[in-house]
Amino acid sequence: MRLSSEAVQGSLADLYEPWRKEHGPVVPVELDGGVPAFLVIGHRTLREVCSQESLYSPDSRNWAELQAGRVPSDWPLLPQVAYQEGSTRFLSGSEHQRLRGVLTSGLAQVETASVRRYTEWAADRLISRFAPKRQAEIVADYAAPLPLLVMLRLLGLPHETGEQLLPAIFRLLEGGPEAHRANEEISDIIGRLVVARRAKPERDLVSWLLHGPVDGGPPLSALEVGNLAWLTVMAGAGGTTGWIGNALERLVCDEKVHTLFRAGTVTVAEIMNETHWSNPAVQNVMGRYPLQDGQLGNYHVPKGALLVLGLAGANADPEVHVDSDGHTFTNESHLAFGSGPHECPTAAQRLAKVVGQTAVERFLARCRTPRLQDDGAVQHGGSVIMRQLTKLEVVFTADNQAAVRQATSGSDALGESSRSSHYLFPPRMLTQLTSHMSD
Ligand code: HEM
């Protein structure tokens, strides 16, 4: 079975269901470039694989094809798989817990109300740029920049620095000749933030990673903090961007969902939950690597094979999937956030929910009845892993009242400039950090 970039452009049900019938929960596939792998699309099997790290390692250095030098160095999916120092994704056991623990104890302190206020503020600034034209390309104008701005603010960068960094981040994601310079620019800014917060902590995530309590192991090095901070920005913004885009696509393109929403029968939160089922932001995760030969589904899977976690395929498994009674609007047992020890941390999921929901609600409040601009207004692309929405062009009616309210709220008690450094963490975080330092 070819799991190529073209194959994932169509309907997901059309792709996975015939495979499930023929092969069961595990499908032998060939990725772009003829690279062999096994795609796990059984809901139960996927959860089993994810929960047993002593059998299925997340460390890509166990991948036999890579060890044998059979994966070309320009293979487009290599950046998703190549081992990276300081990333939680490839680690297991206590090494994993050391990094994940300090990251999640930091994220757990984020103040929901503050994140919502900052997201609304940043959303309004972006919407004000395109609202007068009554049209927007939702991905580039809104869904991509907004979560990035929140993640950069979370790290500790002021809003203006975050805005300056956006073009460099997009150049990096595009790849090509400009990517290298963009990477240097970003590393330089994050590096300077790490040096500044090492000397003097603030109420932000980088300060917590540097000075917060580490469970079982030495404090994180500057390199580990920089890499972990960057992983958080990329994982957080990438997932949330996809989620906002996919939910708005559903609302704009699916007549049934649109009608239910307009009639007040379903809420934004419910539509967004349904999107986690029907079109998760991360379709497939690379991967897990068996540490011994064994049986998985109907196949003998050798040690060192590549297992691709088919989150979208597993969500569509008839064993769990119920869509006739609106169950997926409220049921949260989807796999959009993964499963097992590497599942997207609960605090990160909570954060994603606040940012994603606020973003969609704010858009719908100010850009009424969004409709597709023309026939070519929706485009998907990216890799087999993400099946990203790359374009969603809409026209709408602007809510002038909301625009006026937004303009006046710029001069509210907090004021325009102080909002740019609006804290997302409570004052007690700083007290905890400084008392820890003097211990
Ligand atoms: C809707 C938004 C999001 C989606 C769909 C999403 C999805 C995922 C998935 C599928 C994984 C599991 C990867 C694996 O099994 O290897 C994951 C892990 C992770 N996510 Fe999220 N995520 C989202 C938002 C966020 C946010 C907002 C943050 C941080 C602020 C974040 C931080 C992380 C981190 C650090 C990991 C790695 C955990 C580990 O390796 O232990 N994610 N995410």
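Run through the DSSP bridge list for segment 1-149 and note the antiparallel percent, rounded to the nearest 5.
Antiparallel bridges: around 75 percent, rounded to the nearest 5.
Across segment 200-323, how large is the tail of the calculated P(r) beyond 27 Å, expressed as a percent of all Cα pairs?
That tail contains 49 percent of the Cα-Cα pairs.
Determine the relative contact order of the chain: mean sequence separation of Cα pairs under 8 Å and six or more apart, normalised by residue count, in whole percent.
Relative contact order for the chain comes out at 26 percent.
So what's segment 79-195 giving for Rg/Rh, alpha carbon basis, Kirkwood Rh from the mean inverse pair distance?
Using Cα coordinates only, the ratio equals 1.01.
Taking the Cα centre of the chain as origin and charging only Cβ (+1 Lys, Arg; -1 Asp, Glu), how large is the dipole, in debye to the nearest 20?
920 debye
Let's see if you can work this out: charge +1 on each Lys and Arg Cβ, -1 on each Asp and Glu Cβ, no other charges. What is the dipole magnitude of segment 49-160 about its Cα centre, in debye to the nearest 20?
Here segment 49-160 has a charge dipole of around 320 debye.
Read phi for every residue in segment 27-44 and hand back ³J(HN,Hα) as whole Hz from Karplus 6.51 cos²θ - 1.76 cosθ + 1.60, θ = phi - 60°, with x for Gly and Pro.
Couplings: 10, x, 10, 10, 7, 3, x, x, 7, x, 7, 10, 9, 9, 10, x, 4, 5 Hz.
Let me check the size of the chain from its C-alpha atoms; what are the radius of gyration and Dmax in Å?
Final numbers for Rg and Dmax: 22.0, 65 Å.
Quick check on the chain: of the DSSP beta bridges with both residues there, what percent are antiparallel, nearest 5%?
Here the antiparallel bridges make up roughly 85 percent for the chain.
Just from its helices, what would the mean residue ellipticity at 222 nm be for the chain, if runs of 4 or more DSSP H residues each count -39500 (n - 2.57) and the sum is divided by every residue, rounded to the nearest 500 deg cm²/dmol?
-16000 deg cm²/dmol
Would you be so kind as to identify which of T88, V102, V115 lies farthest towards the positive end of the dipole of segment 58-118, taking Lys and Arg as +1 and Asp and Glu as -1 on Cβ and the Cα centre as origin?
V115
By counting other Cβ atoms within 10 Å of each Cβ, how are R153, R366 ranked from fewest to most?
Fewest-to-most Cβ neighbours within 10 Å comes out as R366, R153.
I need the shape label for segment 139-189. Rule: rounded when a/c is under 1.5, else prolate if a/b > b/c, else oblate, with a, b, c from the alpha carbon gyration tensor.
oblate
For S94, S420, S207, S57, what's the fewest-to-most ordering of other Cβ within 10 Å of each Cβ?
Sorted ascending by nearby Cβ count, the order is S94, S420, S57, S207.
Please give the net charge around N279, taking every other residue with its beta carbon less than 11 angstrom from that of N279, where Lys and Arg add +1 and Asp and Glu add -1.
Local charge sum for N279: -1.
Using the per-residue mean of other Cβ atoms lying within 10 Å as a proxy for protection, in what order, highest first, do the peptides 283-292, 20-29 fall?
283-292, 20-29
Would you mind ranking L231, L173 by Cβ crowding within 10 Å, fewest neighbours first?
L173, L231
Kindly identify segment 14-95 as rounded, prolate or oblate by the Cα gyration tensor criterion: order the square roots of the eigenvalues as a ≥ b ≥ c, call it rounded if a/c is under 1.5, otherwise compare a/b with b/c, prolate if a/b is larger, else oblate.
Note, shape of segment 14-95 comes out oblate.
Read-outs: derived from the displayed coordinates by stated rules, not from any lab. These numbers were taken from a predicted model, which means no experiment stands behind them. FYI the Cβ positions are ideal-geometry reconstructions off the backbone, even for glycines, and counts take in every protein chain you see.
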